[in-house]
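The values are calculated or read from the model by the stated rules, or taken from the named source; none is laboratory data. Everything quoted here is computed from the prediction, not taken from an experiment. Quick reminder, even Gly has a Cβ in these numbers, built from the backbone with ideal geometry, and neighbours come from all protein chains shown.
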Amino acid sequence: MRPRHAGHRDRRGRARNRPGPAGTQRRSAFRGPDGDVPAVRRPRRTVPRMPDAPPPADPEQPRRPAGEQDELLDVLDAAGNVVGAQWRSSVEDAGGSDYRVVNAFLQRGDGRVWLPIRAMSASRWPGALDASVAGHVRHGETAEQTLLRELGEETGLNAADVAVTPLGRLAPPIVGVHMDVFHLRLLTAARPVLNPAEHSDGLWVRPQYLARRLRDGQPAKDDLKYILHACWEHLTHAH
């Protein structure tokens with residue numbers, strides 16, 4: 001068999017393409033009804049450059065995830081005394097500073113407690129079980145002022161809807177976190193209204209149900225079992 005080379009004819013006697021002179025257009029191997037179709041060079045695809053993110057307006061205030069507001073918190077010493085103030089994002093990201101939080105269970109007359117589910121957009125514990133009301137104590141606030149502010153933001157209720165019982169400050173279950181715990185008894189027929197920026201769902205459950213779900217490994221924020229333990233006697237006897 002003769003080796004194939006430029007100018008070789010196929011079995012039907014048709015001449016194969018020969019390389020043309022320099023500068024001529026290369027022809028493709030595709031043959032249509034009108035003969036060979038020249039190969040078309042596709043234009044180079046350009047990818048638009050994404051604009052750079054603008055810098056924070058205040059370099060002293062770190063940026064928070066979308067939808068979350070930064071807060072100026074009281075900074076505490078190991079004994080719980082206020083010794084300064086620092087932005088929440090700095091405290092949580094860098095650590096090393098003690099701060100205060102509040103947590104509460106809201107309970108209605110039949111003994112059931114309000115159990116919200118954290119929004120999937122939350123930067124911490126998305127989709128996890130949460131306390132009825134929780135938040136960080138801002139600079140200059142008392143724990144009860146923080147509680148009532150968070151009550152309005154997270155449930156739409158106000159001070160006239162609840163009876164507030166302080167249950168004391170927990171020894172920090174998490175290093176650096178000083179936690180004041182409260183029991184809230186619902187006094188009116190008002191119903192909690194979810195804040196979609198905070199929670200995606202909520203339901204009324206018995207304390208025993210919550211304890212069982214935590215034992216079974218239901219995702220929950222990491223201090224919820226400590227809060228439930230601190231409130232247990234009050235929750236199971238308050239009604």
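Table for the structure above
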| quantity | calculated |
| --- | --- |
| So Leu151, is it within 23 Å of Lys225 (Cβ to Cβ), modelled with pLDDT under 90 and surrounded by 14 or more Cβ atoms within 10 Å (Cβ to Cβ) | no |
| Some residue of segment 206-221 being in contact with a strand residue (DSSP E or B) (Cβ under 7 Å, 6 or more places away or on another chain), closer than 29 Å to Ser121 by Cα, small (Gly, Ala, Ser) and crowded, with 19+ Cβ neighbours inside 10 Å | yes |
| Restricting segment 222-232 to residues that are surrounded by 14 or more Cβ atoms within 10 Å (Cβ to Cβ) and of a type in the set (D, E, K, R), the residue that is nearest to the chain's Cα centre (by Cα) | Asp223 |
| Condition broken by Leu167, with the remaining ones in (1) assigned to a loop (DSSP other than H, G, I, E, B); (2) surrounded by 14 or more Cβ atoms within 10 Å (Cβ to Cβ); (3) of a type outside the set (Val, Ile, Thr) satisfied | (1) |
| Some residue of segment 60-83 being exposed (fewer than 10 other Cβ atoms within 10 Å of the Cβ) and either modelled with pLDDT under 70 or of a type in the set (Ser, Thr, Tyr) (or both) | yes |
| Gln208 being closer than 17 Å to Leu115 by Cβ, at pLDDT below 95 and of a type in the set (S, T, N, Q) | no |
| Those residues of segment 177-228 which are touching a helix residue (DSSP H, G or I) at 6+ places or on another chain (Cβ under 8 Å), among the small types (Gly, Ala, Ser) and outside any helix (DSSP H, G or I), in sequence order | Ala190, Ala220 |
